[in-house]
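The structure appears below as structure tokens.
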Amino acid sequence: MRIRRSKPVDSFTIIPNGTLRDERLSYCARGVLAELLSRPENWETNADSISERARKHRDVVGEGRRAIRAAFAELEAAGYMVRKRERVPKGQKGGGDFVTVLEVYDVPQERSHGGTADATSIRVTSIGGTSMSGTSSRRTDVRSTEDEDAGYEHSASLAAAREGEDAHARELRRAELLRLYEAANQLDNERLRRHLLAFERKRPVIYRECRQAALGQIGGEQGGRQLMAGPDGVRAIDLLSFKYALQHYAGRLPDWLVKLPR
């Protein structure tokens with residue numbers, strides 16, 4: 001194979017070879033990453049918007065929603081995307097509300113600090129609709145931060161109380177979780193997404209923690225990367241994220257999170 005390169009003087013993007021050759025990523029995910037890195041700061045898009053553009057310009061051969069969502073999930077799991085919730089500045093449209101911002105990097109980021117000094121990054125604002133995770137990125141009312149604080153306090157109190165529970169009570173809780181997990185397995189994709197949407201709106205911080213835990217678990221398992229890149233990748237991540245939420249709220253499930261059949 002002969003490689004012929006041009007020498008552009010403008011309108012070009014520099015991407016490390018290690019990124020373009022990252023074997024953890026599918027070729028679709030690498031292409032999506034290159035597309036995002038070529039865009040200007042604060043470009044507004046999401047997985048579904050990219051899919052719609054692909055179908056518009058390439059008709060039925062354009063990548064569908066499932067493929068692009070899976071690519072976004074791969075990039076998040078590999079550290080090329082970092083999701084953040086930020087408040088819209090006062091004076092701007094929607095001032096005081098929260099939006100989901102995806103920080104896209106040209107090298108993988110450590111989850112502990114979400115960035116490195118020598119990395120090139122852009123910020124992609126996830127517009128209303130479906131975000132990288134397959135759930136809505138619509139604005140969350142400012143009151144949600146107060147709800148999260150209350151949730152953390154409640155979680156701490158619950159954790160302390162559980163220390164004194166006997167084995168019988170723990171076994172009952174485990175049996176209830178298993179029942180909920182099985183009921184969650186029966187949810188279709190649309191209903192599962194509605195539950196996750198409610199979770200993200202009400203508790204965005206805890207939602208992100210559950211999703212990161214799901215991505216870390218699936219990505220760390222044998223064949224996990226292939227699963228996330230495949231047709232069932234988005235559902236696998238959504239379902240495990242929801243099960244982490246059930247575990248987090250075990251014994252005190254709020255109505256807005258889930259109403260599963262008994």
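Put simply, of GLY79, GLY62, GLY94 the only residue that is surrounded by 13 or more Cβ atoms within 10 Å (Cβ to Cβ) and at positive phi is GLY79.
Could you tell me whether the stretch 90-111 includes any residue that is at pLDDT 85 or above, of a type in the set (S, T, N, Q) and under 17 Å from LEU215 (Cβ atoms)? Within the stretch 90-111 (the criterion being at pLDDT 85 or above, of a type in the set (S, T, N, Q) and under 17 Å from LEU215 (Cβ atoms)), the answer is yes, since at least one residue qualifies. Taking (1) at pLDDT 85 or above; (2) over 21 Å from ILE237 (Cα atoms) in turn, PHE72 satisfies each apart from (2).
Considering only the stretch 220-244, state which residues are touching a residue at least 60 places away in the same chain (Cβ under 8 Å), more than 23 Å from LEU178 (Cα to Cα) and part of a helix (DSSP H, G or I). Scanning the stretch 220-244 gives ARG225, MET228, ALA229. Restricting ALA169, ALA183 to residues that are surrounded by fewer than 19 Cβ atoms within 10 Å (Cβ to Cβ) and modelled with pLDDT under 85 narrows the list to ALA169. Among all residues of the stretch 7-17, there is at least one that is part of a helix (DSSP H, G or I) and exposed (fewer than 12 other Cβ atoms within 10 Å of the Cβ).
The values are calculated or read from the model by the stated rules, or taken from the named source; none is laboratory data. The structure displayed is predicted, hence computed values, not measured ones. Please note: Cβ atoms are built from the backbone with ideal geometry, for glycine as well, and neighbour counts cover all protein chains shown.
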